[in-house]
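Here, each number is a calculation from the coordinates, and none is a lab measurement. Since we're looking at a predicted model, the values are computed, not measured. So basically every Cβ, Gly included, is an ideal-geometry build from the backbone, and we count neighbours across all protein chains shown.
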Amino acid sequence: MPRLFTRGIYGILLPTKSGNETAPDTVRRDNGRITQMERPIFQPVGTPVEELDTPALVVDLEVMDRNIQTFQSYFKDTSVKARPVVTSHLCPQVARRQLDAGGTNGGIAVTTLGEAEVFAAAGFTDILLANLVVTRAKINRLCALAGQTSVGVAVDSPDNAEQLSQGAAAAGVELRVLVEIEAGMGRCGIAPGPDAVSLAQKVNNLPGLKFQGIMGSVPGPRGEDDPDQHRAKTTANLQVVLDAKEQIEQAGLPVETVSVGGTHCYAQAVGMAGVTEVRAGRYPLMDHRLKSFLPDLEPAAKVLASVISHPMEDMAVLDAGHKAMAPDQGRPILEGVPGGTASRFSAEHGVMELEGDARNKLNPGDKAWLVPYELGACVNQFDYIRATKDGKLEGFWPISARGKLA
């Protein structure tokens with residue numbers, strides 16, 4: 001594969017451009033000037049991490065690489081392979097390290113068409129859009145992308161299958177299609193049974209579509225979930241997908257791919273005959289939500305914040321607020337300050353409650369580390385990962401698919 005990145009000023013990794021390729025939109029140029037939403041202060045390679053301007057999304061590369069090696073090693077001696085879901089980090093450089101580490105099927109998964117376009121432009125050649133594409137404009141974009149790289153897409157209704165077929169036939173391309181099975185998420189997907197079999201047969205017979213198999217997503221754990229009960233529920237949900245596979249094959253149609261997600265279900269999935277790939281997202285960077293369910297992995301992504309006020313003995317205020325942490329699904333964890341708790345967030349301020357010895361810490365000008373509760377929402381707040389090693393800055397990595405919601 002051609003070189004995808006070149007190191008620019010201050011260690012910023014920029015996509016290379018050759019021929020008709022275009023760089024991802026995250027790094028935008030205006031009269032030669034790099035522009036972006038975040039507008040960080042670019043500090044030189046080698047800057048000590050705690051001297052970085054804040055708030056900053058910081059990734060420890062050694063922890064990240066160890067997480068990748070640990071998680072993907074679970075798949076190396078099995079017929080089941082990982083398909084990294086890049087939505088959790090949105091960064092082509094991280095995805096490249098995942099594919100280079102082994103244990104994958106060589107492809108990636110995304111959640112939006114915009115993400116697919118960014119990663120295709122960055123040189124990735126096997127992309128599964130693990131979502132539904134229904135509007136005419138998006139179907140046209142999907143088919144244009146299929147003319148450049150191998151693209152798979154989900155479908156859960158006959159009407160959508162016909163729309164995709166019409167678009168693919170008109171564009172002269174072939175779309176790989178997975179029928180999505182509802183496996184406990186309570187959102188997209190068709191229920192297993194006669195309707196799922198009929199949909200698979202319809203996809204198989206439509207021009208411009210290649211029936212590749214089925215996919216399903218199973219609910220992830222919440223902080224209050226009992227691990228044993230969650231594992232049992234996950235196994236039952238995965239079996240729903242495998243039952244659909246059996247029904248389709250009994251109707252005479254081979255099912256090449258059975259794709260299940262997400263990260264938390266790998267232990268059950270690798271032991272269930274018929275599963276071919278696990279779509280897994282958060283494991284390279286990790287977050288607090290999954291930590292107790294994947295104890296072998298450590299948070300590699302944290303937000304570095306500065307203390308801007310300690311107005312009362314039992315309270316300190318950080319410069320990392322809602323816009324930096326995206327705490328909608330849960331509050332981040334204040335690391336390294338026993339007795340300190342992330343309490344509440346406004347747009348630009350994070351309020352920490354302090355008890356015991358913590359009351360003597362977090363004074364104005366001090367730095368603090370916050371571990372995101374839910375990784376994907378937090379990463380999407382930043383334009384760059386501050387990649388670090390041995391406590392020093394290695395470079396600014398563009399989060400190229402940030403904000404690609406459509």
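So if I take the centroid of the Cα atoms in region 329-406 and the same for region 56-130, what is the distance between those two points in Å?
Each part reduced to its Cα centre gives a spacing of 23 Å.
Going toward the positive end of the dipole of the chain, with +1 on Lys and Arg Cβ and -1 on Asp and Glu Cβ, which of Ala387, Gly356, Asn237 do you reach last?
The listed residue farthest towards the positive side: Ala387.
Pick out which of Arg39, Arg96, Arg386 has the largest mean-square fluctuation in a Gaussian network model of the chain, springs linking Cα atoms closer than 10 Å.
Arg39
Please report, largest first and rounded to whole Å, the three semi-axes of the ellipsoid equivalent to region 172-261, where each semi-axis is the square root of five times an eigenvalue of the C-alpha gyration tensor.
Result for region 172-261: semi-axes of 28, 13, 10 Å.
Rank the residues Met185, Met64 as a footprinting-exposure proxy: fewest other Cβ atoms within 10 Å of their Cβ go first.
Met185, Met64
Gain in length, Glu348 to Ser292, computed as 0.36 nm per residue apart minus the alpha-carbon separation, to one decimal in nm?
17.3 nm
Where does the chain land on Rg/Rh, using Cα atoms and the Kirkwood Rh?
1.00
Hey, what do the phi angles of region 315-330 turn into as Karplus ³J(HN,Hα) couplings, whole Hz, using 6.51/-1.76/1.60 and θ = phi - 60°, x for Gly and Pro?
My calculation for region 315-330 gives 8, 10, 10, 9, 8, 9, x, 4, 5, 8, 9, 6, x, 4, 8, x Hz in order.
Under unit Cβ charges (Lys, Arg +1; Asp, Glu -1), what dipole magnitude, rounded to 20 debye, does region 61-285 have relative to its Cα centre?
440
Taking only C-alpha pairs under 8 Å that are 6+ residues apart, what is the relative contact order of region 61-285 in percent?
Over region 61-285, the number comes to 20 percent.
Need one number: nm distance between label points at Leu253 and Lys210, each 7 Å from Cα along Cα→Cβ, rounded to one decimal.
Each label point lies 7 Å from its Cα, and together they span 1.7 nm.
What is the dipole size for the chain, taken about its Cα centre, with +1 at each Lys and Arg Cβ and -1 at each Asp and Glu Cβ, in debye to the nearest 20?
1080
Relative contact order of the chain, please, whole-number percent, based on alpha carbon pairs below 8 angstrom and at least 6 residues apart.
About 21 percent, as a whole number.
Can you find, among Leu142, Thr78, Leu253, the residue sitting farthest towards the positive end of the charge dipole of the chain, where Lys and Arg contribute +1 and Asp and Glu -1 at Cβ?
Leu142
What's the extension gain from Ala191 to Asn360 if we count 0.36 nm per residue and subtract their Cα-Cα distance?
Length gained, Ala191 through Asn360: 55.2 nm.
How much length would be gained if the chain were fully extended between Glu313 and Lys367, taking 0.36 nm per residue of separation minus their Cα-Cα distance, in nm to one decimal?
17.7 nm
In whole angstrom, and with the biggest value first, how far do the Cα coordinates of region 61-285 range along each principal axis?
In descending order, the Cα extents are 47, 38, 31 Å.
When only Cα pairs under 8 Å and 6 or more residues apart are kept, what is the percent relative contact order across region 222-369?
Dividing the mean separation by the residue count of region 222-369 yields 18 percent.
Per-residue ellipticity at 222 nm for the chain, helices alone: DSSP H runs ≥ 4 residues times -39500 (n - 2.57), over residue total, nearest 500 deg cm²/dmol?
That calculation yields -8000 deg cm²/dmol at 222 nm.
Just want the ordering: Trp397, Trp369, from fewest to most Cβ atoms lying within 10 Å of their own Cβ.
Exposure proxy ranking, most exposed first: Trp369, Trp397.
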